[in-house]
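The structure appears right after this line, and notes come after that.
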Amino acid sequence: MATIGQIIFYSMVTLIVLLAALIVLILSLAFSKSTSKVMSSNTKPVANLGEDQILSCYIPADITQNSLGEMFVSWEKTDLGLVFRYQNGAPALDDQAVVFKGRVQVFPDAVVAGNASLLLRSVRNSDKGEYTCSIRSSVGQGKVHIQLRTAVFSAPTLKFSNNILTSEASRWSPKPEVTWLNQTGNFQNASTSFTELPSGAYSVLSTLRSAQVSETYSCRIETSLVVALTEATITGTGVLRRTIFTFSVASTLPVSFYLNLVIGFLCMFYVV
């Protein structure tokens, strides 16, 4: 008959084995995308409604140095099915979802070189969601998942007159926040108004008073997905400006967090 000590020992061994298997599973899931033969330069793009968007999908350059042979490319959307298919050197669209007809394409010259990126024209709000790009060739096969997000944004125009600097953006959605900074990084008091458009987006008009010639100001227009940062330098004849757009990336916990968590549990039980 097993003693209490033996029961505890064998229980700990079983627990260690199970936790080790869990670690292997976590690592394999976490690195499955990075070891795929298909990649994307942006798996969480933000598309501007009404404009065209490229969804990136390609075979890495170290693989394309070899002959790819006949390329098969398939784009699918989780809730709608086939978006675009390319095989035998031509589109094969018999079962293509109706909403994408005439709105999507790949580039044959790029496909033969391993680039299966998809052009999506005139993005609609209903286009957001998960897309899967699959590629098969003589060097192997793989797929990558892309989460398309949509927003409405535009670069502002700036004008200066009588020590008043105005920033006007034609369309944003959802309603953004607007802040101003001077060249030393201090917040500036400004007045901002919004006008709702028939489309549901907003036009933005923000006014900064007591602006000075030869000074540089920053106007920041932002939503949860998009930030437009415009640097404006006031000259004697007008405003020199530059706008940079940045887009949010959904945060993901690193594998090391999960690994440390599991190891922590392992050590806790082992000490007991």
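The values are calculated or read from the model by the stated rules, or taken from the named source; none is laboratory data. All of these numbers come straight from a predicted model, not from anything done at the bench. Here the Cβ is made from the backbone with ideal geometry for all residues, glycine too, and neighbour counts use every protein chain on show. These accessible areas exclude ligands, DNA and RNA; they are computed on the full protein's heavy atoms, side chains included. Shrake-Rupley method; radii C 1.70, N 1.55, O 1.52, S 1.80 Å.
Can you work out which of the residues in the range 153-176 that are within 28 Å of the chain's Cα centre (by Cα) and in a strand (DSSP E or B) is nearest to Asp79 (Cα to Cα)? Ranking the qualifying residues of the range 153-176, first place goes to Ser173. The residue list Ser170, Ser126, Ser161, Ser134 contains one member that is surrounded by fewer than 18 Cβ atoms within 10 Å (Cβ to Cβ) and without any contact (Cβ under 8 Å) to a residue 12 or more places away in the chain, which is Ser161.
Out of Thr179, Thr150, report the one residue that is touching a residue at least 40 places away in the same chain (Cβ under 8 Å) and either over 23 Å from Arg121 (Cα atoms) or part of a loop (DSSP other than H, G, I, E, B) (or both). After applying the criteria, what remains is Thr179. Among the residues making up the range 182-215, those that are surrounded by 17 or more Cβ atoms within 10 Å (Cβ to Cβ) and assigned to a loop (DSSP other than H, G, I, E, B) are Ala190, Ala201, Ala211.
Residue-level check: of (1) surrounded by fewer than 14 Cβ atoms within 10 Å (Cβ to Cβ); (2) farther than 15 Å from Ile59 by Cβ, Arg85 misses just (1). In this structure, Ser199 does satisfy being within 25 Å of the chain's Cα centre (by Cα), under 25 Å from Asn125 (Cβ atoms), modelled with pLDDT under 95 and not basic (Lys, Arg). Among residues of the range 223-248 that are in contact (Cβ under 8 Å) with a residue 40 or more places away in the chain and assigned to a loop (DSSP other than H, G, I, E, B), those with a beta-carbon under 7 Å from a residue that is open to solvent by less than 20 Å² (accessible area, probe 1.4 Å) and aliphatic (A, V, I, L, M) at least six positions away or on a different chain give the pairs Thr223/Ala151; Leu225/Val46; Leu225/Ala151.
Within the range 226-244, the set of residues being of a type outside the set (Gly, Ala, Ser) and surrounded by 15 or more Cβ atoms within 10 Å (Cβ to Cβ) comprises Val226, Val227, Leu229, Thr230, Glu231, Thr233, Ile234, Val239, Arg241, Thr243. Candidates are the residues of the range 245-261 that are open to solvent by less than 80 Å² (accessible area, probe 1.4 Å) and modelled with pLDDT of 80 or more; the one that is farthest from Ser161 (Cα to Cα) is Ser248.
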